[in-house]
Amino acid sequence: MSSSPDITRRAFVQAGLTALAVPLVPSCLGPPAEPPIITGPQLLARPGTPTVAPVVGQSSLGLGSGRDGFLYVPQSYSPDTPMPLWIGLHGAEGSSDTWNGYRQRAEDRGFILLAVDSRASTWDALYGAFGADVLFIDEALEHTFARCRVDPNRFALAGFSDGASYALSLGLPNADLFSHLVAYSPGVIASGYGQPRPIPVFVSHGTQDSVIPIENTRENIVPVLQAQGNTVTYREFEGDHLVPAEISTAALDWFFT
């Protein structure tokens, strides 16, 4: 097994979150220049019967100008068989391209990969409120469901750093949609939103993380998730602010169990 990281600190340029508390606090990047769109966290798109033949391999979403995302459909996809879906959320100052390393994993494991770009330099609720990112993710899901038959029992929202914080913050109130949540080195969870049901959660963090100290995940985030009734699989590893290949493997093993 390769020890090189699947997702690195360099790949995301900056991880972003420096405020280490479970209640929602501002990201260090500050608010966007434009007034934010304010919505709730609820996603409306749902899996159904596809109406458009998908592009096998990677295709751009074509939903955003400049910042967009991609859909990766493995060669093994068949419209006759529902396939797992994994959504990847990048860290601050990052983009969907940082999930390129998961394309081969999608081929090897047989899952659809959807990676989206935040509307600004990081995710909306991390600097104030849910808004434009929720709307864009909903649109990206509608795009995916129109093309791919998705297994609702194998439907993960995953992220790294700011993306991990957003995966938890958005995923918990949408636990009636997602089947699994994955948080690689999270920093916060947006509070004050309902959760329809408990959900399995995979959390990892490096013991030498120089961006978001591990103590916050170990002492705050994991206990809060458990107190909400969620089943949490927690993995610590020797390393900095990144996702080693063995952690990606462990998360996917857990997802497919």
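The values are calculated or read from the model by the stated rules, or taken from the named source; none is laboratory data. These figures come from a predicted structure and were not determined experimentally. A quick note on method: Cβ atoms are made from the backbone with ideal geometry, for glycine too, and the neighbour counts reach across all protein chains shown.
Restricting segment 96-130 to residues that are crowded, with 22+ Cβ neighbours inside 10 Å, at pLDDT 95 or above and among the small types (Gly, Ala, Ser), which is nearest to Ser65 (Cα to Cα)?
That would be Ser118.
Among the candidates Ser161, Ser165, Ser169, which residue alone is on the phi > 0 side of the Ramachandran plot, buried (at least 22 other Cβ atoms within 10 Å of the Cβ), in contact with a helix residue (DSSP H, G or I) (Cβ under 7 Å, 6 or more places away or on another chain) and among the hydroxyl-bearing types (Ser, Thr, Tyr)?
Ser161
Which residues, taken from segment 86-95, are of a type outside the set (A, V, I, L, M) and either touching a strand residue (DSSP E or B) at 6+ places or on another chain (Cβ under 8 Å) or buried (at least 24 other Cβ atoms within 10 Å of the Cβ) (or both)?
Trp86, Gly88, His90, Gly91, Gly94
Here's the yes/no breakdown for (1) more than 21 Å from Arg154 (Cβ to Cβ); (2) of a type in the set (Val, Ile, Thr); (3) out of contact with any Cys (no Cβ under 9 Å at 6 or more places or on another chain):
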| site | (1), (2), (3) |
| --- | --- |
| Ala183 | no, no, yes |
| Ala190 | yes, no, yes |
| Pro198 | no, no, yes |
| Ile212 | yes, yes, yes |
| Thr217 | yes, yes, yes |
| Glu236 | yes, no, yes |
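Farther than 18 Å from Gln42 by Cα, surrounded by 24 or more Cβ atoms within 10 Å (Cβ to Cβ) and in contact with a Ser or Thr (Cβ under 8 Å, 6 or more places away or on another chain) - does that describe any residue in segment 174-184?
Yes.
List the strands (runs of 3 or more DSSP E) inside segment 148-229, counting only whole elements, that have at least 2 residues being over 11 Å from the mean Cα position of the chain (by Cα) and more than 23 Å from Gly110 (Cα to Cα).
Output list reads 201-206.
Taking Arg154, is it over 18 Å from Ser248 (Cβ atoms), surrounded by fewer than 19 Cβ atoms within 10 Å (Cβ to Cβ) and not acidic (Asp, Glu)?
no
Select from segment 185-202 the residues that are touching a Leu at 6+ places or on another chain (Cβ under 6 Å), surrounded by fewer than 22 Cβ atoms within 10 Å (Cβ to Cβ) and in contact (Cβ under 8 Å) with a residue 60 or more places away in the chain and list them in ascending order.
Ser191
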